[in-house]
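K.L.:
If you scroll down you'll find the structure; I have some questions about it.
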Amino acid sequence: MRFRDVEHLFRLAAIFLAGTLVFVVAKAEMRPKDFGKDGHYRPAAVDEIRARAISYAGQTACADCHSDVVDLRAQARHKAVACESCHGPLATHATAMSDGTEAAKPVRPDGRTLCVRCHAAKTGKPKRYPIVDIKEHAGDENCLSCHKPHDPRIS
Amino acid sequence: MDRREFIMVGGKMLFMTAATAAALEHVMAGTPEKVDTYKAAEHWWALLIDVEKCIGCGSCVRACKTENDVINEPFYFRTWVERYHIEATDAEHPIVDSPNGAYDGFPEAYEEGKGKTFFVPKMCNHCADSPCTQVCPVGATFITPDGVVLIDKDYCVGCRYCVQACPYGCRYIDPRTHTADKCTLCYHRITKGLVPACVEVCPTGSRQLADLKNPSDPIHEFLRTHAIQVLKPQMATGSKIYYNGLDGAVR
């Protein structure tokens, strides 16, 4: 008579066991087999992130075809500036060119927007970095009417 | 030729034909079968930021958003640039601004000659002992064998714990997926032998990708010969974004 309430414990134990079983089965079913191979994560996630397509083709891809511009820039002040820094992301252009399909022609950047972005006089720019007061230097003139962006020095 | 031999030879031929057919398909299509030559264990990625070269043009911010399809609104940045202004006698209270993360560069401000002003590019520090990966309850964020902290978007439950844990404020919740997002160091690029988009477009070479496991990488020489600092060294995060010429006032 004294231990009749022990039934409650058995019931509780049964529920707990069932719960554990569900957990174990669900984990075995739903967790990828290689989870935890390199750490506490799903290794396939790394491949998924790597599979992302690029937008910027990279300097070597540009130089493969446009060696004339590379040569022109070799002696110029802008030699260390990557092509896509001014011309924008052109991976589609580069792949289309190497596939032989018709490639979208890149848009020529507007000098007045582009040059100003880096060379406008502003506080905080490094001491030796070439800057100009745009209004005083050029008025409303477009930078490109005097400077050639690939070799900006006026000769 | 007995039956066993016949089956062996026949089987081999059948197998060979399939392999040859597969190879021929690639030859005909003109695409060499892609072999993954990237070995994660042979790299340990880091990034060098030269504060003294940064002109605050915001090219990195724009390139990052394009390359990684980051939502083009304020507050969602994988990398951004801050402008610090410090009055000469009050180094403890720098004035910091970053309008739209410097996506459009910086407007004019601060009188020349009063105090100092400089730009500090910021991004995920890809910490070796990162707080964000330690707090993730589901194993959705982790550090790869080559030292890049990544997010598994399929596993992320969007609990925001990592956003709070990051001492550098580098994470945000992508409003489209409701999962955590941040800089991947352009993992899809560096594993192909390219540099991250921000490094690619930086016109002054303020950002440099570095592989600490590559003995011929110029980073080793640079780290030896320059005064290098990481952000919040007191947090012991093992940050791998090395800053050259960083002012002590930068947080």
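The values are calculated or read from the model by the stated rules, or taken from the named source; none is laboratory data. The structure displayed is predicted, hence computed values, not measured ones. So basically every Cβ, Gly included, is an ideal-geometry build from the backbone, and we count neighbours across all protein chains shown.
K.L.:
Kindly indicate whether any position in the range B:141-156 is facing chain A (nearest Cβ under 7 Å) and at positive phi.
P.N.:
no
K.L.:
Which of the residues spanning the range B:157-193 are closer than 17 Å to B:T144 by Cβ and among the aliphatic types (A, V, I, L, M)?
P.N.:
B:A180, B:L185, B:I190
K.L.:
Out of the helices (runs of 4 or more DSSP H) lying entirely within the range A:1-117, which hold 3 or more residues that are exposed (fewer than 12 other Cβ atoms within 10 Å of the Cβ) and out of contact with any strand residue (DSSP E or B) (no Cβ under 7 Å at 6 or more places or on another chain)?
P.N.:
A:6-30, A:67-74
K.L.:
Name the single residue that is farthest from A:S98 (Cα to Cα) among those in the range A:28-76 being among the charged types (D, E, K, R) and more than 11 Å from every other protein chain (Cβ to nearest Cβ).
P.N.:
A:E29
K.L.:
Would you check if there is a residue in the range B:181-190 being loosely packed, with under 14 Cβ neighbours inside 10 Å, under 22 Å from B:N72 (Cα atoms), within 10 Å of chain A (Cβ to nearest Cβ) and in contact with a Pro (Cβ under 7 Å, 6 or more places away or on another chain)?
P.N.:
no
K.L.:
Between a residue in the range B:125-141 that is touching a residue at least 60 places away in the same chain (Cβ under 8 Å) and any residue that is in a helix (DSSP H, G or I) and hydrophobic (A, V, I, L, M, F, W, C), which pairs come within a Cβ distance under 6 Å, given they are 6 or more apart or on different chains?
P.N.:
B:P131/B:A165
K.L.:
Identify all residues within the range B:206-246 that are within 11 Å of chain A (Cβ to nearest Cβ) and surrounded by fewer than 14 Cβ atoms within 10 Å (Cβ to Cβ); write none if there are none.
P.N.:
Scanning the range B:206-246 gives no hits.
K.L.:
Filter the range B:147-159 down to the residues that are touching a strand residue (DSSP E or B) at 6+ places or on another chain (Cβ under 6 Å) and closer than 24 Å to B:Q234 by Cα, then identify the one that is surrounded by the fewest Cβ atoms within 10 Å (Cβ to Cβ).
P.N.:
Across the range B:147-159, the extreme among qualifying residues is B:G147.
K.L.:
Being surrounded by fewer than 24 Cβ atoms within 10 Å (Cβ to Cβ) and among the small types (G, A, S) is the filter; apply it to the range B:191-205 and report the residue that is farthest from the other protein chains (Cβ to nearest Cβ).
P.N.:
Taking the candidates together, the pick is B:G193.
K.L.:
Moving on to the next point. Quick one: is B:A140 in contact with a Cys (Cβ under 6 Å, 6 or more places away or on another chain) and crowded, with 17+ Cβ neighbours inside 10 Å?
P.N.:
Yes, satisfied.
K.L.:
Go through (1) within 14 Å of another protein chain (Cβ to nearest Cβ); (2) surrounded by fewer than 21 Cβ atoms within 10 Å (Cβ to Cβ); (3) touching a helix residue (DSSP H, G or I) at 6+ places or on another chain (Cβ under 7 Å) for B:P74 and report which single condition fails.
P.N.:
(1)
K.L.:
For A:P89, only one of the following conditions fails: (1) more than 7 Å from every other protein chain (Cβ to nearest Cβ); (2) modelled with pLDDT of 90 or more. What is its number?
P.N.:
The number of the failed condition is (1).
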